[in-house]
Amino acid sequence: MHKVVSVWIGLALIVGLAAAPVMADDTGQVSQLLKSKIDAVLSVLENKDMAEAEKKDKIMAIVEPVIDFELMAKLTLGKTNWAKLSGTQQQEFIDLFVERLKDSYLDKTTLYSDQKVVYHPASKAGSKIHMPVDVVTQDKTAEVLYKFYSAGSQWRVYDVEINGVSLIKSYRSQFDEILRGGTVEDLFDELKRATEE
């Protein structure tokens, strides 16, 4: 994944959740929400007087309320594989994967080098809302699509596509391959190794 997409990456796909009908003003609400979060993250990244550890803490505090990390974890495993896990294994998988995703995301933010973000109008996708943005450097542009679902009184991100590639589908493909040739413990070991690196 090119560093140009390091500005605000995160999250989860193909949700079968019941949601209220999307209203006309919801697209504006989602647009404002995403822009405020990205602007806040950029403000932290551009602060040259702030230590890296403090930056990571502040960034996670900004994005965590709008990113559904647990849902993303479930979606990366898929319904069939998820059903094969015991309750204890399901929780362990969530814990391991969320830790891996957060670490990966925070590591990528350190690659920030004054990229520009161009916002495009949000659009309805059934009961969901899609919000496209471009992350631009001098010579390259990454097309990033944030996908939101309605979680009660708030909108949350459940997947991100980068240049047309879904983050959840990418992880799901990796996990399917591990589970086809191994066990749940093999998957857990791989997640632990990735977190420790």
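If you take just the helices (runs of 4 or more DSSP H) that sit entirely in the stretch 1-114, which of them hold at least 3 residues that are modelled with pLDDT of 90 or more and of a type in the set (G, A, S)?
24-45
Taking L85 as meeting all but one of (1) free of Cβ contacts under 8 Å to residues at least 24 places away in the same chain; (2) over 15 Å from the mean Cα position of the chain (by Cα), write down the number of the exception.
Here L85 clears every test but (1).
Determine, yes or no, whether R156 is over 22 Å from T27 (Cα atoms), in contact (Cβ under 8 Å) with a residue 24 or more places away in the chain and surrounded by 15 or more Cβ atoms within 10 Å (Cβ to Cβ).
Judged against the criteria, R156 is not a match.
When residues of the stretch 172-197 are filtered for being surrounded by 15 or more Cβ atoms within 10 Å (Cβ to Cβ) and among the basic types (K, R), how many remain?
Looking only at that region, the number is 1.
Do we find that D107 is within 30 Å of K48 (Cβ to Cβ) and without any contact (Cβ under 8 Å) to a residue 24 or more places away in the chain in this structure? Outline the logic, then answer.
Numbers: within 30 Å of K48 (Cβ to Cβ): yes; without any contact (Cβ under 8 Å) to a residue 24 or more places away in the chain: yes.
Yes.
Which is aliphatic (A, V, I, L, M), touching a residue at least 24 places away in the same chain (Cβ under 8 Å), more than 19 Å from Q32 (Cβ to Cβ) and open to solvent by 20 Å² or more (accessible area, probe 1.4 Å), of L71, L77?
It is L71.
List, please: which pairs have Cβ atoms under 9 Å, are six or more places apart or on different chains, and start with a residue in the stretch 176-197 that is within 22 Å of L106 (Cβ to Cβ) and without any contact (Cβ under 8 Å) to a residue 40 or more places away in the chain and end with one that is in a helix (DSSP H, G or I) and open to solvent by 80 Å² or more (accessible area, probe 1.4 Å)?
That search, which allows pairs on different chains as well, returns E190/Q174.
The values are calculated or read from the model by the stated rules, or taken from the named source; none is laboratory data. This structure is a prediction, so every number in the text was calculated from the model and none was measured. Cβ: placed from backbone, ideal geometry, glycine included. Neighbour counts: every protein chain shown. To get the accessible areas, we keep the full protein, side chains included, count just its heavy atoms, and leave off ligands, DNA and RNA. Shrake-Rupley method; radii C 1.70, N 1.55, O 1.52, S 1.80 Å.
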